[in-house]
1. Quick one: is Y93 modelled with pLDDT of 95 or more and more than 19 Å from I12 (Cα to Cα)?
2. Within region 16-54, how many residues turn out to be over 21 Å from the mean Cα position of the chain (by Cα) and without any contact (Cβ under 8 Å) to a residue 40 or more places away in the chain?
3. Which of the numbered conditions does S11 fail, given that it passes all the others? Conditions: (1) closer than 13 Å to N116 by Cα; (2) surrounded by fewer than 19 Cβ atoms within 10 Å (Cβ to Cβ).
4. Conditions: (1) surrounded by 12 or more Cβ atoms within 10 Å (Cβ to Cβ); (2) not aromatic (F, W, Y); (3) not in a loop (DSSP other than H, G, I, E, B). L177 meets all but one. Number of the miss?
5. Just name the residue that is modelled with the lowest pLDDT out of those in region 196-214 that are outside any helix (DSSP H, G or I) and closer than 21 Å to Q132 by Cβ.
Amino acid sequence: MIHVLIADDHSIVRLGIKQIICSLPGNMHVTEARTFDETISFIEAQHYSLLILDINMPGGNNRQMIDAVKLRLPDVKILVCSAYEEMLYALNYLQSGADGYIEKNSIDEEFKIAINAVLGGEKYISKAVRDQLLRKYTKQENLSPSPFSGLSSREIEVMNLLTKGFPLVKIAEILHLQLTTVSTYKARIFEKTGVRNVIALVEKAQMYQDVNHPGEALLKV
């Protein structure tokens with residue numbers, strides 16, 4: 001029997017992935033976790049062959065989640081399933097110990113390919129991202145423009161302070177702005193860069209720098 005743990009705080013996502021897993025050949029037993037703490041409890045009590053992990057869930061939200069899982073269950077295969085853009089995040093999570101990365105909006109067949117690949121001992125990223133990386137590193141094509149290129153100079157200033165851990169009140173003081181103005185800049189930065197919190201903003205800046213080597217000051221967080 002192959003034991004699979006789905007760790008995601010959205011029930012509809014867990015249900016959809018569970019249906020995909022149960023449609024695969026073989027004797028699959030699926031367990032569901034809603035938080036990262038619950039995930040850790042499950043892997044401490046049961047051996048799992050595969051963990052399908054949302055890296056933005058209650059109790060988690062960074063690459064250290066993979067370390068925490070591997071510390072307790074070193075041979076488990078981890079397929080990161082995220083709403084975050086694969087091109088920016090996949091390689092970094094694979095380097096951190098994950099065995100695959102798939103976006104949540106992928107079609108069922110893509111999920112089946114990813115699950116079978118990871119269970120079979122392979123590393124998985126989508127063909128589209130693999131091809132784009134090959135073109136990038138063979139200098140056939142440049143990556144898409146920086147997600148930070150659309151930020152104004154003031155937004156870049158606010159972003160740099162946010163990613164260094166300064167609270168909004170302190171940022172307002174440093175930049176001589178109203179607190180409400182800083183809050184507005186923060187909302188615009190999140191919208192333009194496609195993130196939902198400061199942790200994701202830091203990771204996106206670091207990961208984009210790792211892939212693109214822009215050497216831009218705004219990414220030195």
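The values are calculated or read from the model by the stated rules, or taken from the named source; none is laboratory data. This structure is a prediction, so every number in the text was calculated from the model and none was measured. Neighbour counts are summed over all protein chains in view; Cβ atoms, including those assigned to glycine, are modelled from backbone coordinates with ideal geometry.
1. Details: modelled with pLDDT of 95 or more: no; more than 19 Å from I12 (Cα to Cα): yes.
Against the criterion (modelled with pLDDT of 95 or more and more than 19 Å from I12 (Cα to Cα)), Y93 does not qualify.
2. 13
3. Among (1) closer than 13 Å to N116 by Cα; (2) surrounded by fewer than 19 Cβ atoms within 10 Å (Cβ to Cβ), the lone unmet condition for S11 is (1).
4. Failing condition for L177: (3).
5. First, pick out the residues of region 196-214 that are outside any helix (DSSP H, G or I): 196-197, 213-214.
If we keep only those that are closer than 21 Å to Q132 by Cβ too, we end up with 213-214.
Working: H213: 39, P214: 36.
Only one residue fits best here, namely P214.
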